[in-house]
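A quick write-up on the structure given underneath.
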């Protein structure tokens, strides 16, 4: 198995000791004009700069596909919940790291300018939720969306199941979301990418 590739899937990302990295580490690796890079600020130690792991000139513009225009654009490869449980009684805040939070991961570095991007989250039992883009919690290839909900708020009850169950739930909200080559990123994505989260009492 090669140690890296130029494709858009997780297997193409650089390996350490011949092994693919775990899901969290894989999300931190993205394509740039220089090659495969790893987010520095995504670790416990703050202030670290992003690091180029493998130099492949122009990787962000030659990734995957058949060479068509769509294949060359930044696109969403995965999503993940940033919390493992949500307590309805306690509520959630950004400061405590307990707010509803999902990260949207792209195959290359992106730039978000202006506007107010949102992510729609389906609540199977009642009205849906709208998570707002938070630039300070985001990284080079990752848009993080959050929603603070007060303790015991009626909008979220114990047992409610939350998911991103459609393909167009990221809304630019007037923002420009562009890849490394300046083209608008593709923000349509597969359904059910982050899986479900069930609120507890």
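Quick notes
- Residue satisfying all of: in segment 154-175; outside any loop (DSSP other than H, G, I, E, B) and surrounded by 14 or more Cβ atoms within 10 Å (Cβ to Cβ); farthest from the chain's Cα centre (by Cα) among these: 162
- Of all the listed residues (134, 123, 80), the sole one being in contact with a helix residue (DSSP H, G or I) (Cβ under 7 Å, 6 or more places away or on another chain), surrounded by 13 or more Cβ atoms within 10 Å (Cβ to Cβ) and at pLDDT 95 or above is 80.
- Criterion: assigned to a strand (DSSP E or B) and under 12 Å from the mean Cα position of the chain (by Cα) - qualifying residue of 122, 105: 105
- Residue identified as surrounded by fewer than 19 Cβ atoms within 10 Å (Cβ to Cβ), in contact (Cβ under 8 Å) with a residue 24 or more places away in the chain and within 17 Å of the chain's Cα centre (by Cα) among 111, 198: 111
- Given (1) touching a strand residue (DSSP E or B) at 6+ places or on another chain (Cβ under 9 Å); (2) touching a residue at least 24 places away in the same chain (Cβ under 8 Å), number of the condition residue 174 does not satisfy: (1)
- Residue list for segment 96-108, restricted to those being surrounded by 19 or more Cβ atoms within 10 Å (Cβ to Cβ) and over 14 Å from residue 184 (Cα atoms): 99, 100, 101, 102, 103, 104, 105
The values are calculated or read from the model by the stated rules, or taken from the named source; none is laboratory data. All values reported here derive from a predicted model rather than from experimental measurement. Because the Cβ atoms are built from the backbone with ideal geometry, glycine has one as well, and the counts that use them run over all protein chains shown.
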